[in-house]
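The values are calculated or read from the model by the stated rules, or taken from the named source; none is laboratory data. Keep in mind it's a predicted model, so treat the numbers as computed, not measured. Cβ sites come from the backbone with ideal geometry, for glycine too, and all protein chains shown count toward neighbours. Ligands, DNA and RNA are stripped out before the accessible areas are found, and what is left, the full protein with its side chains, is counted by its heavy atoms. Shrake-Rupley method; radii C 1.70, N 1.55, O 1.52, S 1.80 Å.
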Amino acid sequence: CIYDQGMLPLSKHYMWLHRLNEDSLMHTPEFVIKPRSHTVWEKQCVRLHCTISGWPEPRVVWYKNNVSIDPMAKPGKYKVESSYSVHSLEINKCDFDDTAQYRVSAMNSKGETSAFASVVVKTPCLEYGVKFETHIVEKFGVSFGREGETLSFGCSVIIYPSLQRFQPEIEWYRDDKLLVPSKWVQMHWSGDRATLTLSHLNKEDEGLYTLRVITKSGFETHSAYVFVRDADAEVAGAPGAPLDVQSLDANKDYVIVTWKQPAVDGGSPILGYFVDRCEVGMTHWFQCNDTPVKFARFPVTGLVEGRSYVFRVRAVNKAGMSHPSRVSEPVAAMDPADLLISHGVVPGRPRDLSVIEATKNYVVLSWKPPGDKGHEGVMYYVEKCVSGTDSWQRVNTEIPVKSPRFALFDLAEGKSYRFRVRCCNSAGVGEPSEPTEATTVGDKLDIPSAPGRVVPTRNTDTSVVVSWEASRAAKELVGYYIESSIAGRNTWEPCNNKPVKGTRFICHGLTTEESYVFRVRAVNAAGISDFSQESEAIKVKAAIGGGILHASPTPPYGITVLECVRDSMVLAWKQPTFIGGADITGYFIDYREVIGGVPGKWHEANIKSVSERVSELKENMLYQFQVRAANMAGVGIPSLPSETFKCEEWTIAVPGPPHDLQVQEVRKDSLVLLWKAPVYQGRDPVNGYYIDIKEAEADFEMWRGVNEKATNKTFMKVCIHVEEGESYVFRVRAQNKAGVGKASDPTEPVEAVTKPGTAEIVVNVDDDGVISLNFECSNLTADSKFVWSKNYKEMTEPERMTLETKGSKSKAIFKTPSEEDLGIYSCFVTHTDGASASYTLSEESETEFMISKLFHPSSPVIPLKTELAVELLEKGRVRFWLQAEKISANGKIEYVFNDNKYKMNFDKNTGVIEMFMESLGKEDEGTFTFQLQDGKATNQSSLVLIGDVFKQLQKESEFQKKEWIRKQGPHFVEYLGYEVTPECCVRLKCKVANMKKDSVALWYKDGREIKVNEKLDFSEGVLTLEITQVSNAGIYEVVLKDDRGKDTSTLNLTDQGNTAEKGFKTNSSTQLKIQSTEEGIRLYTFVNYYNDELHVTWHHKDAAIAFTERIKSGVVGEQLWLQISEPTEKDKGKYAIEFFDGKGGLRRTVELAGQAFTAFVSSAECTGNRLIIMFFTDRARVAGGLPDVVTIQEGKSLNLTCNIWGDPVPEVTWLKNEREMVSNDHYILKFESGKFASFTITCVNTSDSGKYSILVKNKYGTESGDFTVSVFLPDEDFRACITSPFSPSLC
């Protein structure tokens, strides 16, 4: 063997090249020259010819209207010739029947291709002004069929004048797509009747069928819907068969098969689909996938190159397998063209590598070959690696692929991969392509969201028009399935078995006089959405009024443009002058292009309001619009076409025109004009409006302004100072900083007259102090409704009012009147000739009595802010008090104790009602009641003080009284105690107060006075006595006295005394209590036997309290206290005091939180102390946990958690770029245990970058926390960001 440097042995090289070139020489047929169309006269001859290349040499067949031409069947008529790749068809002596579409087909083992040409044979008589009139009679109607059946339908056609040998052109369409004859579709024309036959019905055959009869003078059409029901399943509960199976992206290595999901799932969810293949010419089917696939798309591999295949799909659920779908069209497993590179050169890098499809089951790659080409074929190796690593693995190690596309399986779902491709030929393997971006294995296409509101509308005795709001942000939407059920039965039946594209559908085959409800769901390749909300029930019957022509609304009118951008316009129009006996449920708008002054075909856009945006228009194109209104009777006739509008973006600085002008409360000298703000704001926001008026018949120049200063409201009461009966029109102009914009369309003429029977709103205050606004209308109809508004905004569910309507009267009742209720109240009655009125409730309106009732209302029950409570004051005085929310100065209060009445103190400014008692005696034990009366409104509150509760209150009152008396003279602030000095001496110590010059302090031991050598310094307020010997043990006593009184403190320093005391000191304490003081909150307890040997410790939340200037403790007599000044949120919680006497201990606790905390702060407020913000401690807060900025790589997952505080538990809302977010598979939002909020983004992408916020809210307040998410691509420049210590944890 001879070797060439860097090459294979030549013998092997030639063998390899032979095999490669044998394949590369073969290619599908190609048309070098295609046949062209001809128009000829009768009796002339015509010749169609073409040039075709291909290897092996293709077989050529000619067709007429898809029927093959046999020259031997009509000798002399047709002549077919083939010579050196030139092929021709000659037609002799053409007649009208030769007018047709001709197709030439070329086929070899590599594939098939076709070309088309038309031949039109003209009859001379048709060129001389003959005008044909076409009439379609005996029309086919809505038809129903079942899978597997054969269905035929048609129409009779009458053409005048009837000319011999002249035949019209008959075309059939399904969903606006031209049908051609096939084994499933047969067409027949008998000369006066057109018939269409559908063999072996399948759900693909469902749709709107249209017959078009075409003559020289134009065409006529007729359409009707054909429904195809599922065949009975072989297994009960099995789903319906899939439909619309198609083969896409065919090449040597694989074919992608797609389909649509069935409407019927058999009662249980569809688990997936099986794809079957069959070679053309064979009858055996092979299953392509071992496990069901849920995605409605699957790449089929393992095909033999050059062979043709058909495919079908079956659905499966837990009950069993469906019938197979209709088979797809045949497709050949081969590339569109051969790819060659230069001989003897190692190929370069493939170009433009990209991931064209990625699901959780497979990934499809596509690329372009390198630039060098030659006679040698090129093959490819595909490599993959996990993102973040450089470990590349070859996927097709054994056999390189020949096509510039490849499908990869067996990838781990959720992982992120990169891919690259290398070229190879006999010279070697080339350099790899540039790798793709990281691709995460998973379904990128989401199941669509459920459609919006479903609105049924009456149509005929057996059909209903159903319209709905489209699914939001649905990608690659296939269509919608509609289901119906008799109201109350919950038994759902499909209305269509083939998805419909629009958002409006006519459901046929319903039972007359039955009530039905409807629901809709959307479908795309990822699956079928959830069902929409059920529609309201509708009874199936013909239009309201028994077929009266005006049962449906009259046409809208006055179509105008409110805003225009590059590809959309916002339209407005005026509502129909007559709505047809039922409320309007929506509008439908049609648009058409106007090119060169010639209008085109109408297209429908579904719109449900009086002004809306029409999207998907073409920039700089001219359009006309028409609008139809719908009610329960059906859809009305369309309006006249609008003016021609140009779709171009508005850039003017001033605002656009206001719209939807309405006139209410028409009187002989005034009326109220309402309008809506412009859709187009201009360069700056709108800051005011001007109203213009003129007589209805006056010229344009007679417009004059009503207001000299712009109003910032969208309503105005216009006073008309002219003769009664004059008619006027109005318009509104908006202004911003740039100036005044275009005026709105004028209103309809309004006659300034007060119509007979016009009523006004009457204000009434009854004996119980209830205020109401009352309106009566004498010309009601069966459909009339009273609509109440405040400041001309409808009150649908008013919080502060109750709306009542009985017969022809309606009233709005104030619940708790206050300043918030001031404003303009109006009432409008629908389905009348404009019955309406208003009333302005202001501080200047009505009488002084009315305003007094508004601001100081009396109601059947006087509302209380706090119930009856009791508290102790200085000198042991007892205060009983409550606070009323609202009570007038004329209110009366009585105090009842055991049926005895006493007088009360009443502060009308604060609503505080109180009574004082100097002390509590045994006779005061019982029930205390406050009785309130304000007009006819009453209330009462009681407090029961008996048993231990009363005794404890009495004891504390007596103590407070004694303490006050004691403190009037010299007294002890801290009683006698002791401490051990560093010199091992015992120092007796006490603290005194309220001393004067003649006050004396006497020391006693065991009843004998002790002479103290040192001079007492009362200015310091501290008395001490040092004991140097242990033998000085005994009972010590200090007596303070002067002419105002005396006070005594005793300390037992004997062994017997200490031992005796220890057993009962700790048990002599009372329960821990809470008291509001001027400084804040005081916690206290009483100990009957207290001295310094009793060790006391205060605790907060089980931790010892560190005393500060704000938090102090002390002892006064038998009372031990803890003072908390200026309480805050941190001071809430559990408090405890612990006693320890050397042998045992005792613990007393109290909870300072929630209602207790608020109640004591409220008490402090009511006693006249300074204001404390009550609800600060319970308001909603974000306690922490969120970063300021998060930088994260695309494809990763982000998880953040923060702590939430508040009582009651706050509501949590997440925002992205100031818009509320909803939890879904991509954004997972959680709030757990009322404390922890978490935020997760799965598989982050660049669209997730932005500003995020968490908003927490309860009745005490609102707080937010903000952070920014920045997503970057995994380039080298950004790797440093990944390792940043400030980055959050990545999943």
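Under 13 Å from the Cβ of Trp1098, count the other residues' Cβ atoms, weight Lys and Arg +1, Asp and Glu -1, and hand me the total.
Once all neighbours under 13 Å are counted, the net charge is +3.
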Kirkwood Rh, angstrom, the stretch 928-996 [1 / mean 1/r, Cα pairs]: 17.0 Å
Chain lengthening between Ala710 and Lys122 when straightened (0.36 nm per residue, less Cα-Cα): 204.5 nm
Charge dipole of the stretch 151-253 built from unit charges on the beta carbon (Lys, Arg +1; Asp, Glu -1), centred at mean Cα; most positive-end Cα among Pro168, Val245, Val213 is Pro168
Would you mind checking the tilt of helix 10-25 against the longest principal axis of the Cα atoms of the chain, expressed as 0 to 90 degrees and rounded to 10? 80 degrees
Measure off 7 Å from each Cα along the Cα-to-Cβ vector at Ser670 and Ser82, then give the distance between these two points in nanometres to one decimal. 9.5 nm
Within the accessible area of the chain, what % is carbon and sulfur when the probe is 1.4 Å and the other protein chains stay in place? 50 percent
Pairs of Cα atoms under 8 Å, at least six residues apart: use those to get the relative contact order of the stretch 20-117, whole percent. 37 percent
Computed Rg/Rh of the stretch 608-705, alpha carbon atoms with Kirkwood Rh: 1.01
Quick one: accessible area per residue over the chain, 1.4 Å probe, rounded to a whole number of Å²? 52 Å²
Along the Cα-to-Cβ line of Thr816, 7 Å from the Cα, sits a label point; which residues in the stretch 781-800 have backbone N less than 12 Å from it? 800
State which entries of Lys498/Lys785; Lys668/Lys806; Lys77/Lys203; Lys1132/Lys1257; Lys618/Lys785 exceed 32 angstrom in Cα-Cα distance in the structure shown. Lys498/Lys785; Lys77/Lys203; Lys618/Lys785
Leaving out same-chain residues fewer than 8 places away, which lysines sit with a Cα under 29 Å from that of Lys1196? Lys294, Lys360, Lys384, Lys415, Lys444, Lys475, Lys1216, Lys1230, Lys1235, Lys1251
Between Thr1128 and Arg472, what's the calculated FRET efficiency when r is the beta-carbon distance and R0 is 45 Å? Round to 0.05. 0.45
Under 8 Å for C-alpha pairs, at least 6 residues apart: give me the relative contact order for the chain, rounded to a whole percent. 4 percent
Which value results when the Cα radius of gyration for the stretch 134-286 is divided by 2.2 N^0.38 Å? 1.31
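Round to the nearest 0.05 the FRET efficiency obtained for Thr511 and Lys785 when R0 = 45 Å and r is the Cβ-Cβ distance.
0.90
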Could you work out the local net charge near Val280, counting Lys and Arg as +1, Asp and Glu as -1, over the other residues with Cβ closer than 12 Å to its Cβ? -1
Pairs over 25 Å Cα to Cα, from Lys967/Lys1130; Lys110/Lys368; Lys989/Lys1041, come to Lys967/Lys1130
The stretch 28-94-the stretch 350-412 distance, computed between alpha-carbon centres (Å): 43 Å
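When the helix-only estimate is applied to the chain (DSSP H runs of n ≥ 4, each -39,500 (n - 2.57), divided by the residue count), what is the mean residue ellipticity at 222 nm, nearest 500 deg cm²/dmol?
One gets -1500 deg cm²/dmol as the mean residue ellipticity at 222 nm.
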Can you give the alpha-carbon Rg of the chain over 2.2 N^0.38 Å, where N counts its residues? 1.40
Relative packing of peptides 251-261, 229-239 - highest average C-beta neighbours within 10 Å first: 251-261, 229-239
Pop the C-beta distance of Glu413 and Arg59 into the FRET formula with R0 = 35 Å and round what comes out to the nearest 0.05. 0.15
Once the dipole of the chain is set up with Lys and Arg at +1 and Asp and Glu at -1 on Cβ about the Cα centre, which of Leu1200, Cys288, Pro798 lies farthest towards its positive end? Cys288
Pulled fully out, how much extra length does the chain show between Thr1240 and Arg146, if you take 0.36 nm times their separation in residues and subtract their Cα-Cα distance? 389.0 nm
Once the piece of chain linking Ala1183 and Val753 is laid out straight, how much longer is it, given 0.36 nm per residue of separation minus the C-alpha distance between them? 148.4 nm
Just grab the label-to-label distance for Phe286 and Ser842, each label 7 Å out from Cα along the Cβ direction, in nm (one decimal). 8.9 nm
Calculated on alpha-carbon atoms, Rg and Dmax of the stretch 681-788 in Å: 18.9, 57
Please give, to one decimal in nm, the separation of the simple spin-label points placed at Lys742 and Ser1197, each 7 Å out from Cα toward the Cβ. 5.3 nm
Hey, which lysines would be in cross-link range of Lys34, C-alpha to C-alpha under 17 Å, not counting anything within fewer than 8 residues on its own chain? Lys64
